[in-house]
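The values are calculated or read from the model by the stated rules, or taken from the named source; none is laboratory data. This is a predicted model, so every value here is computed, not measured. We place every Cβ from the backbone using ideal geometry, glycine too, and count neighbours over all the protein chains shown. Surface accessibility is based on the protein's heavy atoms, side chains included, excluding ligands, DNA and RNA. Shrake-Rupley method; radii C 1.70, N 1.55, O 1.52, S 1.80 Å.
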Amino acid sequence: MPHGDGTVIRGQISGVPMTPGLHARVRMDATQSDRLVLELDTSNDGSFATQQPLNTTIVSPQGPRFVSATIIGPETLPGASSLGVQMALLFDRVVDPVSAQDPTNYQMPANAVQKAKSQLSGRIVVANLQEPEGPYVASSVTVSGISDARGATGSSASVPLQTKIQDPGAVVLGRVFNADGTPVSSAVVTYSTIPPAPDCATEQDEQPVGVSSVQVSADGRYEFRYVHQDSCGMPFQISTQDPNTGGLRQLSNFVRIPGQQLIMDIPILGNLFRSKNAQKSATELVVLCTVHRISPSTEPSPTPKYPQPFMDKGKFDGAAAPGGGK
(Lines give C-alpha, C1' and ligand atoms only; values in the text may rest on other atoms or scores of the structure.)
Protein backbone atom coordinates (compact mmCIF):
# COMPACT_ATOMS: atom_id res chain seq x y z
CA MET A 1 0.00 0.00 0.00
CA PRO A 2 1.39 3.45 -0.90
CA HIS A 3 2.20 6.17 1.60
CA GLY A 4 2.05 9.88 1.02
CA ASP A 5 5.83 10.24 1.23
CA GLY A 6 6.31 7.95 -1.77
CA THR A 7 7.17 4.83 0.22
CA VAL A 8 5.15 1.63 -0.03
CA ILE A 9 4.25 -0.76 2.79
CA ARG A 10 4.38 -4.42 1.81
CA GLY A 11 2.65 -7.11 3.90
CA GLN A 12 3.14 -10.89 3.92
CA ILE A 13 1.43 -13.74 5.76
CA SER A 14 1.44 -17.52 5.42
CA GLY A 15 -0.30 -20.53 6.98
CA VAL A 16 -3.82 -19.07 6.82
CA PRO A 17 -6.41 -21.65 5.65
CA MET A 18 -8.58 -20.29 2.85
CA THR A 19 -11.82 -22.07 2.01
CA PRO A 20 -14.14 -21.49 -0.95
CA GLY A 21 -16.53 -18.60 -0.29
CA LEU A 22 -14.47 -17.19 2.59
CA HIS A 23 -14.42 -13.37 2.71
CA ALA A 24 -11.19 -11.65 3.76
CA ARG A 25 -9.75 -8.17 3.68
CA VAL A 26 -6.50 -6.34 4.50
CA ARG A 27 -6.82 -3.23 6.63
CA MET A 28 -4.23 -0.61 7.50
CA ASP A 29 -4.14 0.40 11.12
CA ALA A 30 -4.87 4.13 11.21
CA THR A 31 -2.84 4.52 14.40
CA GLN A 32 0.18 2.65 13.01
CA SER A 33 0.78 3.37 9.36
CA ASP A 34 3.31 0.54 9.05
CA ARG A 35 0.88 -2.14 10.37
CA LEU A 36 -1.39 -4.26 8.16
CA VAL A 37 -4.04 -6.65 9.49
CA LEU A 38 -5.71 -9.54 7.69
CA GLU A 39 -9.39 -9.76 8.70
CA LEU A 40 -11.45 -12.94 8.02
CA ASP A 41 -15.22 -13.30 8.00
CA THR A 42 -15.23 -16.91 9.18
CA SER A 43 -18.90 -16.72 10.26
CA ASN A 44 -19.96 -15.32 6.91
CA ASP A 45 -21.99 -12.64 8.68
CA GLY A 46 -19.90 -9.63 7.70
CA SER A 47 -18.31 -9.23 11.11
CA PHE A 48 -14.68 -10.02 10.11
CA ALA A 49 -14.00 -10.97 13.70
CA THR A 50 -10.88 -13.02 13.03
CA GLN A 51 -7.79 -10.80 12.72
CA GLN A 52 -4.16 -11.70 12.01
CA PRO A 53 -1.31 -9.15 11.63
CA LEU A 54 0.90 -9.29 8.52
CA ASN A 55 4.67 -9.13 8.49
CA THR A 56 5.36 -5.74 6.93
CA THR A 57 8.32 -4.02 5.32
CA ILE A 58 8.69 -0.47 4.04
CA VAL A 59 9.78 -0.22 0.41
CA SER A 60 11.41 3.10 -0.45
CA PRO A 61 11.09 4.47 -3.99
CA GLN A 62 14.12 3.91 -6.20
CA GLY A 63 13.88 7.22 -8.05
CA PRO A 64 14.21 7.66 -11.83
CA ARG A 65 15.89 4.87 -13.77
CA PHE A 66 18.31 5.95 -16.51
CA VAL A 67 17.27 4.20 -19.74
CA SER A 68 19.36 5.51 -22.66
CA ALA A 69 21.61 8.29 -24.01
CA THR A 70 21.63 9.24 -27.70
CA ILE A 71 23.40 11.86 -29.81
CA ILE A 72 20.71 13.65 -31.82
CA GLY A 73 20.58 15.98 -34.81
CA PRO A 74 17.90 17.85 -36.75
CA GLU A 75 16.62 14.57 -38.21
CA THR A 76 15.51 13.60 -34.67
CA LEU A 77 14.68 16.93 -33.04
CA PRO A 78 13.95 20.00 -35.21
CA GLY A 79 16.38 22.77 -34.35
CA ALA A 80 19.06 20.44 -32.97
CA SER A 81 22.63 20.86 -34.20
CA SER A 82 24.05 18.52 -36.85
CA LEU A 83 27.57 18.86 -35.39
CA GLY A 84 27.16 16.10 -32.76
CA VAL A 85 27.09 18.38 -29.71
CA GLN A 86 23.58 17.61 -28.41
CA MET A 87 22.45 14.52 -26.50
CA ALA A 88 19.04 13.21 -25.38
CA LEU A 89 18.81 11.21 -22.13
CA LEU A 90 15.71 9.09 -21.45
CA PHE A 91 14.38 8.16 -17.99
CA ASP A 92 11.56 5.84 -16.98
CA ARG A 93 9.56 8.63 -15.35
CA VAL A 94 9.26 12.40 -15.13
CA VAL A 95 12.39 13.90 -13.58
CA ASP A 96 12.81 16.89 -11.33
CA PRO A 97 13.76 19.91 -13.54
CA VAL A 98 16.17 21.32 -10.96
CA SER A 99 18.27 18.17 -10.63
CA ALA A 100 18.07 17.56 -14.39
CA GLN A 101 19.72 20.88 -15.23
CA ASP A 102 22.76 20.33 -12.97
CA PRO A 103 25.69 19.51 -15.34
CA THR A 104 27.63 17.78 -12.56
CA ASN A 105 25.04 14.97 -12.52
CA TYR A 106 26.36 13.72 -15.87
CA GLN A 107 29.80 12.19 -16.50
CA MET A 108 31.41 11.12 -19.79
CA PRO A 109 34.92 9.92 -20.68
CA ALA A 110 36.97 12.83 -22.08
CA ASN A 111 33.88 15.01 -22.35
CA ALA A 112 31.46 17.03 -20.23
CA VAL A 113 27.90 18.35 -20.23
CA GLN A 114 27.77 22.14 -20.47
CA LYS A 115 24.02 22.65 -20.15
CA ALA A 116 21.01 20.38 -19.61
CA LYS A 117 17.24 20.80 -19.39
CA SER A 118 14.23 18.48 -19.19
CA GLN A 119 12.06 18.62 -22.30
CA LEU A 120 8.76 17.41 -23.79
CA SER A 121 7.07 14.91 -21.42
CA GLY A 122 9.63 15.51 -18.66
CA ARG A 123 11.20 12.07 -19.11
CA ILE A 124 13.74 13.41 -21.64
CA VAL A 125 16.72 15.62 -20.81
CA VAL A 126 18.49 17.39 -23.68
CA ALA A 127 22.14 18.26 -22.97
CA ASN A 128 24.78 20.30 -24.78
CA LEU A 129 28.23 18.71 -24.88
CA GLN A 130 31.63 20.30 -24.59
CA GLU A 131 32.98 18.13 -27.42
CA PRO A 132 31.15 16.56 -30.37
CA GLU A 133 30.39 12.86 -30.35
CA GLY A 134 29.60 10.56 -33.27
CA PRO A 135 29.31 6.90 -34.27
CA TYR A 136 33.00 6.21 -34.78
CA VAL A 137 34.40 6.15 -31.22
CA ALA A 138 32.56 4.23 -28.48
CA SER A 139 31.63 6.17 -25.36
CA SER A 140 29.26 6.01 -22.40
CA VAL A 141 27.25 8.25 -20.07
CA THR A 142 26.93 7.96 -16.28
CA VAL A 143 24.06 9.68 -14.48
CA SER A 144 23.71 10.25 -10.74
CA GLY A 145 21.75 12.56 -8.46
CA ILE A 146 18.63 12.81 -10.66
CA SER A 147 15.36 12.98 -8.68
CA ASP A 148 11.74 12.46 -9.65
CA ALA A 149 8.84 14.83 -9.05
CA ARG A 150 8.44 13.59 -5.43
CA GLY A 151 12.11 14.05 -4.58
CA ALA A 152 13.20 10.41 -4.73
CA THR A 153 16.75 10.22 -6.10
CA GLY A 154 17.63 7.49 -8.54
CA SER A 155 20.73 5.34 -8.21
CA SER A 156 23.82 5.96 -10.31
CA ALA A 157 23.74 4.16 -13.67
CA SER A 158 25.80 4.01 -16.87
CA VAL A 159 24.65 3.24 -20.42
CA PRO A 160 26.46 3.09 -23.78
CA LEU A 161 26.22 6.27 -25.86
CA GLN A 162 24.18 5.78 -29.03
CA THR A 163 23.84 8.13 -32.00
CA LYS A 164 21.10 9.12 -34.44
CA ILE A 165 23.38 11.47 -36.41
CA GLN A 166 23.08 10.64 -40.11
CA ASP A 167 25.61 13.07 -41.62
CA PRO A 168 29.06 11.55 -42.25
CA GLY A 169 32.06 12.72 -40.30
CA ALA A 170 35.67 11.98 -39.44
CA VAL A 171 37.89 11.42 -36.42
CA VAL A 172 40.67 14.01 -36.22
CA LEU A 173 43.69 13.49 -33.99
CA GLY A 174 47.28 14.61 -33.78
CA ARG A 175 50.08 16.12 -31.74
CA VAL A 176 51.28 19.61 -30.92
CA PHE A 177 55.07 19.74 -30.71
CA ASN A 178 58.01 22.15 -30.80
CA ALA A 179 60.56 22.36 -33.60
CA ASP A 180 62.83 19.99 -31.66
CA GLY A 181 60.08 17.37 -31.37
CA THR A 182 59.23 17.91 -27.69
CA PRO A 183 55.48 18.05 -26.91
CA VAL A 184 53.69 21.29 -26.10
CA SER A 185 51.69 20.05 -23.11
CA SER A 186 50.09 23.43 -22.41
CA ALA A 187 48.46 23.82 -25.85
CA VAL A 188 44.70 24.16 -26.38
CA VAL A 189 43.46 22.97 -29.77
CA THR A 190 40.27 24.41 -31.32
CA TYR A 191 38.06 22.78 -33.95
CA SER A 192 36.19 25.30 -36.12
CA THR A 193 33.79 24.89 -39.02
CA ILE A 194 31.29 26.89 -41.03
CA PRO A 195 27.79 26.53 -39.52
CA PRO A 196 25.37 24.65 -41.79
CA ALA A 197 23.26 27.06 -43.85
CA PRO A 198 20.04 26.61 -45.86
CA ASP A 199 21.99 26.80 -49.14
CA CYS A 200 25.61 26.71 -50.30
CA ALA A 201 25.54 30.28 -51.63
CA THR A 202 24.79 31.56 -48.13
CA GLU A 203 27.36 29.26 -46.56
CA GLN A 204 30.18 30.56 -48.79
CA ASP A 205 29.80 34.00 -47.23
CA GLU A 206 30.12 32.67 -43.68
CA GLN A 207 33.28 32.45 -41.58
CA PRO A 208 34.29 29.41 -39.50
CA VAL A 209 33.20 29.46 -35.86
CA GLY A 210 34.62 27.47 -32.98
CA VAL A 211 32.82 24.22 -32.16
CA SER A 212 35.05 22.81 -29.42
CA SER A 213 38.39 23.39 -27.68
CA VAL A 214 40.40 20.65 -25.96
CA GLN A 215 43.45 20.66 -23.71
CA VAL A 216 46.18 18.41 -25.09
CA SER A 217 47.56 15.55 -23.01
CA ALA A 218 50.97 15.52 -21.34
CA ASP A 219 52.53 14.20 -24.54
CA GLY A 220 50.83 16.89 -26.67
CA ARG A 221 48.09 14.70 -28.16
CA TYR A 222 44.52 15.73 -28.94
CA GLU A 223 41.45 14.06 -30.49
CA PHE A 224 38.09 15.17 -31.88
CA ARG A 225 35.83 12.11 -32.10
CA TYR A 226 33.37 13.62 -34.60
CA VAL A 227 34.18 16.30 -37.18
CA HIS A 228 31.16 16.97 -39.38
CA GLN A 229 31.40 16.70 -43.17
CA ASP A 230 30.19 19.95 -44.70
CA SER A 231 27.44 19.30 -47.26
CA CYS A 232 28.74 22.13 -49.46
CA GLY A 233 32.32 20.84 -49.48
CA MET A 234 33.73 23.57 -47.24
CA PRO A 235 36.83 22.79 -45.11
CA PHE A 236 37.13 22.66 -41.34
CA GLN A 237 39.98 24.16 -39.32
CA ILE A 238 42.21 23.00 -36.48
CA SER A 239 44.14 25.73 -34.70
CA THR A 240 46.24 26.49 -31.63
CA GLN A 241 48.23 29.41 -30.29
CA ASP A 242 52.01 29.41 -30.37
CA PRO A 243 53.01 29.76 -26.68
CA ASN A 244 56.37 31.23 -27.70
CA THR A 245 55.25 33.99 -30.06
CA GLY A 246 51.51 34.25 -29.44
CA GLY A 247 50.89 33.61 -33.12
CA LEU A 248 48.03 31.45 -34.41
CA ARG A 249 48.92 28.09 -35.98
CA GLN A 250 46.06 26.93 -38.20
CA LEU A 251 45.45 23.89 -40.43
CA SER A 252 42.55 23.24 -42.84
CA ASN A 253 41.25 19.95 -44.20
CA PHE A 254 38.21 18.22 -45.71
CA VAL A 255 36.13 15.23 -44.61
CA ARG A 256 35.88 12.98 -47.67
CA ILE A 257 34.44 9.65 -46.47
CA PRO A 258 32.45 8.56 -43.39
CA GLY A 259 34.62 7.37 -40.51
CA GLN A 260 37.81 8.77 -42.02
CA GLN A 261 40.71 9.20 -39.60
CA LEU A 262 42.74 12.34 -40.20
CA ILE A 263 46.08 12.87 -38.47
CA MET A 264 46.81 16.59 -38.25
CA ASP A 265 50.02 17.33 -36.33
CA ILE A 266 50.67 20.97 -35.46
CA PRO A 267 54.35 21.97 -35.29
CA ILE A 268 55.19 25.04 -33.24
CA LEU A 269 58.12 26.76 -34.99
CA GLY A 270 58.50 29.81 -32.77
CA ASN A 271 61.78 28.63 -31.19
CA LEU A 272 63.26 27.80 -34.60
CA PHE A 273 63.70 31.49 -35.43
CA ARG A 274 64.45 32.61 -31.93
CA SER A 275 67.91 33.69 -30.74
CA LYS A 276 69.03 33.26 -27.16
CA ASN A 277 72.23 35.30 -27.55
CA ALA A 278 72.36 38.53 -25.59
CA GLN A 279 74.38 41.53 -26.83
CA LYS A 280 75.32 44.59 -24.85
CA SER A 281 76.51 47.88 -26.35
CA ALA A 282 77.34 51.26 -24.86
CA THR A 283 77.28 54.59 -26.74
CA GLU A 284 78.99 57.77 -25.51
CA LEU A 285 77.39 61.04 -26.57
CA VAL A 286 79.68 64.10 -26.80
CA VAL A 287 78.21 67.58 -27.38
CA LEU A 288 80.62 70.39 -28.48
CA CYS A 289 79.58 73.99 -27.93
CA THR A 290 81.26 77.22 -29.17
CA VAL A 291 80.55 80.30 -27.07
CA HIS A 292 80.45 83.80 -28.67
CA ARG A 293 80.25 86.99 -26.64
CA ILE A 294 77.98 89.67 -28.07
CA SER A 295 78.56 93.28 -26.85
CA PRO A 296 75.59 95.67 -26.62
CA SER A 297 75.36 98.01 -29.67
CA THR A 298 74.85 101.82 -29.37
CA GLU A 299 73.72 102.31 -32.99
CA PRO A 300 69.99 102.75 -33.72
CA SER A 301 68.17 99.83 -35.14
CA PRO A 302 67.92 99.87 -38.96
CA THR A 303 64.63 100.82 -40.60
CA PRO A 304 62.91 97.74 -41.99
CA LYS A 305 62.76 97.46 -45.75
CA TYR A 306 59.49 96.42 -47.29
CA PRO A 307 59.42 94.09 -50.30
CA GLN A 308 59.35 95.73 -53.75
CA PRO A 309 56.77 94.73 -56.35
CA PHE A 310 58.19 92.40 -58.96
CA MET A 311 55.75 93.40 -61.72
CA ASP A 312 55.24 96.79 -63.41
CA LYS A 313 51.85 97.97 -62.35
CA GLY A 314 51.41 100.14 -65.43
CA LYS A 315 51.69 97.22 -67.82
CA PHE A 316 48.78 95.34 -66.26
CA ASP A 317 46.24 97.97 -65.12
CA GLY A 318 46.17 100.11 -68.28
CA ALA A 319 48.01 103.15 -66.87
CA ALA A 320 50.24 105.10 -69.30
CA ALA A 321 53.89 104.33 -69.15
CA PRO A 322 56.39 107.11 -68.51
CA GLY A 323 57.19 109.07 -71.71
CA GLY A 324 53.65 109.09 -73.16
CA GLY A 325 53.68 105.56 -74.53
CA LYS A 326 50.53 103.52 -74.75
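Between Cys232 and Ser217, what length comes free when the chain is fully extended (0.36 nm per residue of separation minus the Cα-Cα distance, one decimal in nm)?
Gain on stretching Cys232 to Ser217: 2.1 nm.
Just to verify a number: what accessible area does Lys115 come out at with the full protein assembly present, 1.4 Å probe, Å² rounded to tens?
140 Å²
How far, in nm, would the chain grow between Ser43 and Asp265 when pulled straight, counting 0.36 nm per residue and subtracting the alpha carbon separation?
Length gained between Ser43 and Asp265: 70.9 nm.
Please work out the FRET efficiency for the pair Leu77 and Gln51, using the Cβ-Cβ distance as r and a Förster radius of 51 Å; give the result to the nearest 0.05.
Efficiency for this residue pair is about 0.35.
Go ahead and run the numbers for FRET between Thr7 and Leu120, Cβ-Cβ distance against an R0 of 22 Å, rounding to 0.05.
Here the calculated transfer efficiency is 0.15.
Extension gain Ser186-Gln32, at 0.36 nm per residue separation less the Cα-Cα distance, in nm?
Contour length minus Cα-Cα distance gives 49.0 nm.
How much accessible area per residue does segment 8-165 have, counting only protein heavy atoms and a probe of 1.4 Å, in square angstrom?
Counting only protein heavy atoms, the per-residue value for segment 8-165 is 54 Å².
How much accessible area does Leu269 have with a 1.4 Å probe, in Å² rounded to the nearest 10?
Here the residue's solvent-accessible area equals roughly 70 Å².
If each of Leu248 and Gln204 carries a label point 7 Å out from its Cα toward its Cβ, how far apart are those two points in nm?
2.3 nm
What does a probe at Ala149 reach in segment 36-73, counting residues whose amide N is under 19 Å from the point 7 Å along Cα→Cβ?
Within reach of a label on Ala149: 61-67.
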